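This report refers to the structure that appears directly beneath it.
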Amino acid sequence: MRTVSVPRARLTRLSLVLLPCLMLAACKGGPKPEGEGPDGKKEGPEAVPVEVALVTTRPIAASYTGTAPLEPRSEAQVVAKTSGVALGVFAEEGQQVRAGQTLVRLDAARSALQAAQTAAQMRKLEANYARAQKLSSEKLISASDIDQIRFDLENARAANRLANLEVSYAGVVAPISGVIAQRSIKPGNFVQINTPIFRIVDTSKLEAVLNVPERELATLKAGLPVQLSVDALPGRTFTGAVDRIAPVVDSGSGTFRVICAFAGGGLLQPGMFGRIRIDYDQRTDALVVPRTALLEDDADPSVYVVRAKKAVRVPVKLGYTEGGWMEVREGLKSGDQVVVAGKTALREGSEVQVLPSTTPAAAATGAPVAVR
């Protein structure tokens, strides 16, 4: 190995240059440990920005919701009971009619002639029967002859009543009170017997039939209040009641029929598609949180509560749900701050920074927001 000799004078000069640098490094403390800031304090994770809402109390109802079209309470197809030419039509679509009102007048000339013929035959037999009774009192006619005349008279009377009934069928009348929903006849048309010519619906009371699962059989009762909204009238709500409930569960579908009744004669019309809510229980002072506060990544319901600027996962027992609110039966108290936005970035004990609420979901629920 080759050895390089350095003059002593040169070593002395290097020592004089390096010594101040080493002393300066020792005064500054050397390199900083990992996780410390410029001031030597240990740095933690950044606070997670979240939005919160206060746990409050409000009325909440337990309800069953469903959809069904509105139907008239009663409906009738008006048919012709005899054949003939329509001499006059006295009702139009949309017209209110009453039971017994004449809607169409048919040609009844043939029926009238038959009625006159049977009436003449009936009067002839009545005269014969009167003479026979006089002869019978004088013992000039046998009992069998007078009985035959009486039977012929009764038959003539029945034929006359039938002919008069046929004449009455020429005037077609409304079987129920309601509104003309459809007209299928014009003046001058020849009408065949049993031909539908009008459809009348009674709009004074409307119904909606719900097929409800059998698990609700014990909760739904007649007389419960019902709220209705229809697509044709957005923003409007109509009230009604459960009119009747079928006592039998359909074995094929596992449902039973619930008939809800609503007052008609106004904006509601048959055929409208309705969204129905039946409130079967009411709590006036329930502890509630927005539905957005509920954690969806856990089988057991829980929420994040802000305590001492940290997120604490709290299991809760839920009750009724109404709109954007959920009732909390156990786990929270009024005034607690629950996280409604930013939950996905939180873990147990995470530092949080509470922000003002700007999410549409929070605004839609109307949840009060605490800002710090």
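One table, with the values for the structure above:
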| item | result |
| --- | --- |
| Any hit, segment 337-344, residues being on the phi < 0 side of the Ramachandran plot, among the charged types (D, E, K, R) and surrounded by fewer than 19 Cβ atoms within 10 Å (Cβ to Cβ) | no |
| Any strands (runs of 3 or more DSSP E) falling wholly within segment 294-361 and containing at least 3 residues that are at pLDDT 80 or above | 302-307, 310-315, 317-322, 325-330, 337-341 |
| Of all residues making up segment 212-227, the number that are under 13 Å from the mean Cα position of the chain (by Cα) and touching a residue at least 60 places away in the same chain (Cβ under 8 Å) | 1 |
| Flag for residue 140 being within 30 Å of residue 185 (Cβ to Cβ), outside the structural domain of residue 178 (by TED's automatic domain parsing) and either surrounded by fewer than 12 Cβ atoms within 10 Å (Cβ to Cβ) or within 60 Å of the chain's Cα centre (by Cα) (or both) | no |
| Members of segment 103-157 that are charged (D, E, K, R) and within 30 Å of residue 173 (Cβ to Cβ) | 105, 107, 110, 123, 154, 157 |
| Residue match in segment 109-118 (condition: surrounded by fewer than 17 Cβ atoms within 10 Å (Cβ to Cβ), over 30 Å from residue 153 (Cβ atoms) and out of contact with any helix residue (DSSP H, G or I) (no Cβ under 7 Å at 6 or more places or on another chain)) | no |
| Among the residues listed as 231, 202, 250, the single one being farther than 19 Å from residue 281 by Cβ and surrounded by fewer than 12 Cβ atoms within 10 Å (Cβ to Cβ) | 231 |
| Flag for residue 266 being free of Cβ contacts under 8 Å to residues at least 60 places away in the same chain, in a loop (DSSP other than H, G, I, E, B), more than 16 Å from the chain's Cα centre (by Cα) and under 22 Å from residue 64 (Cα atoms) | no |
| Residue pairs meeting the criteria (Cβ under 8 Å; at least 6 apart or on separate chains; first among the basic types (Lys, Arg), in segment 239-250; second assigned to a strand (DSSP E or B)) | 244/259 |
| Subset of segment 143-170 [loosely packed, with under 15 Cβ neighbours inside 10 Å and within 60 Å of the chain's Cα centre (by Cα)] | 155, 158, 161, 162, 165, 168 |
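Residues checked against (1) among the acidic types (Asp, Glu); (2) under 39 Å from the mean Cα position of the chain (by Cα); (3) not in a helix (DSSP H, G or I):
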| position | (1), (2), (3) |
| --- | --- |
| 71 | yes, yes, yes |
| 74 | no, yes, yes |
| 78 | no, yes, yes |
| 91 | no, yes, yes |
| 100 | no, yes, yes |
| 110 | no, no, no |
| 117 | no, no, no |
| 120 | no, no, no |
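The values are calculated or read from the model by the stated rules, or taken from the named source; none is laboratory data. Quick caveat, the model's predicted, so the values are computed rather than measured. Note: ideal-geometry Cβ built from the backbone for every residue, glycine included; neighbour counts use all protein chains shown.
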